[in-house]
Amino acid sequence: LFFSEITLNDSLFASGTEVIQEGEYILKVKAADRCGNETTQVIHFEIDKTLPLIQVEGVENGMNYKSPVTPVITITELNPGLAVITLNNEPYISGTTLIKDDPYVLKIEVSDKAGNKAEMIINFLVDQSSPEILISGVENEKCYPVSITPDIHIKDSMQLGSVYNLKT
């Protein structure tokens with residue numbers, strides 16, 4: 001070997017030196033023999049140690065909403081890879097308004113080209129229905145000469161019904 005030159009981003013580079021910093025790189029190797037035969041190889045690569053950033057607007061984990069909501073997902077990543085967004089285990093498109101009364105689980109899983117992964121899970125409830133109250137065993141504005149046992153049932157479409165027995 002007569003001549004060789006190794007550069008990383010146009011600066012001299014020694015083979016075997018660890019490249020630590022995040023960023024884009026161009027590794028260029030030139031070699032020539034004594035007869036003047038030359039070879040050049042160029043490799044473009046990038047180091048990305050940063051996790052994808054997931055932001056969700058319009059809903060918060062653990063919150064209850066009494067009107068429709070519109071979750072908007074923003075993923076910030078310089079080297080996007082795969083993003084899977086589901087709502088109750090079904091594909092979800094960011095910005096879709098949710099009008100159905102239901103408990104929801106919004107799950108966002110993101111990976112970039114370097115294999116960095118991020119995940120966010122948001123549990124929330126949309127409940128636009130008022131509770132229903134059913135009373136039996138007693139009537140409005142009626143006077144009773146004996147003890148009575150009102151049975152009160154409160155139904156909420158998003159929760160288990162409650163039964164209250166009030167004794168007077």
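The values are calculated or read from the model by the stated rules, or taken from the named source; none is laboratory data. Values in this document were obtained by computation on a predicted structure and should not be read as measured data. For neighbour counting, all protein chains shown are included, and Cβ atoms are generated from backbone atoms with ideal geometry for every residue, glycine included. Ligands, DNA and RNA are stripped out before the accessible areas are found, and what is left, the full protein with its side chains, is counted by its heavy atoms. Shrake-Rupley method; radii C 1.70, N 1.55, O 1.52, S 1.80 Å.
Some points to look at:
- Each label was represented as a point 7 Å from its Cα along the Cα-to-Cβ direction; for LYS142 and ASN116 these points are 7.0 nm apart.
- Over 19 Å between alpha carbons, listed pairs LYS49/LYS117; LYS28/LYS49; LYS49/LYS113: LYS28/LYS49
- 1.4 Å probe accessible area per residue over the chain, in Å²: 73 Å²
- Surface/4 of the Cα convex hull for segment 22-168, nm²: 13.8 nm²
- Summary value for segment 1-146: 20 percent relative contact order, contacts being C-alpha pairs under 8 angstrom separated by 6+ residues.
- Local net charge near LYS30, Cβ-Cβ under 14 Å (Lys/Arg +1, Asp/Glu -1): -3
- Here each label is just a point 7 Å from Cα along the line to Cβ, and for GLU109 and VAL42 those points are 3.9 nm apart.
- The GNM of the chain, with springs linking C-alpha atoms under 10 angstrom apart, assigns the highest mean-square fluctuation among LEU98, LEU87, LEU134 to LEU134.
- Of the three principal axes defined by the Cα atoms of segment 23-82, the extents in descending order read 81, 16, 13 Å.
- Remark: the THR74-SER157 segment gains 26.7 nm on full extension, using 0.36 nm per residue and subtracting the alpha carbon distance.
- Here the spin labels are modelled as points 7 Å beyond Cα on the Cα-Cβ line, and at GLU132 and GLU60 they lie 3.2 nm apart.
- Per residue Cα convex hull volume in Å³ - calculated over segment 102-152: 90 Å³
- The charge dipole of the chain, taken about the Cα centre with unit charges on the Cβ atoms of Lys, Arg (+1) and Asp, Glu (-1), comes to about 240 debye, rounded to the nearest 20.
- LEU12 sits among other residues whose Cβ lies under 15 Å from its own Cβ, and their net charge, with Lys and Arg +1 and Asp and Glu -1, is 0.
- Among the protein heavy atoms of segment 36-168, carbon and sulfur supply 53% of the accessible surface, probe 1.4 Å, non-protein parts ignored.
- Ordering LEU134, ALA114, SER157 by the projection of their Cα atoms onto the charge dipole of the chain, which places +1 on the Cβ of Lys and Arg and -1 on the Cβ of Asp and Glu, puts LEU134 at the extreme positive end.
- Loop exposure criterion: GluC sites (Glu not before Pro), DSSP state outside H, G, I, E and B, at most 14 other Cβ atoms within 10 Å. Applied to the chain, the longest stretch between such sites is 61-138.
- Hydrodynamic analysis of segment 6-56 uses the Kirkwood radius over alpha carbon pairs. Inserted into Stokes-Einstein at 10 °C and 1.306 mPa s, it gives a translational diffusion coefficient of 120 µm²/s.
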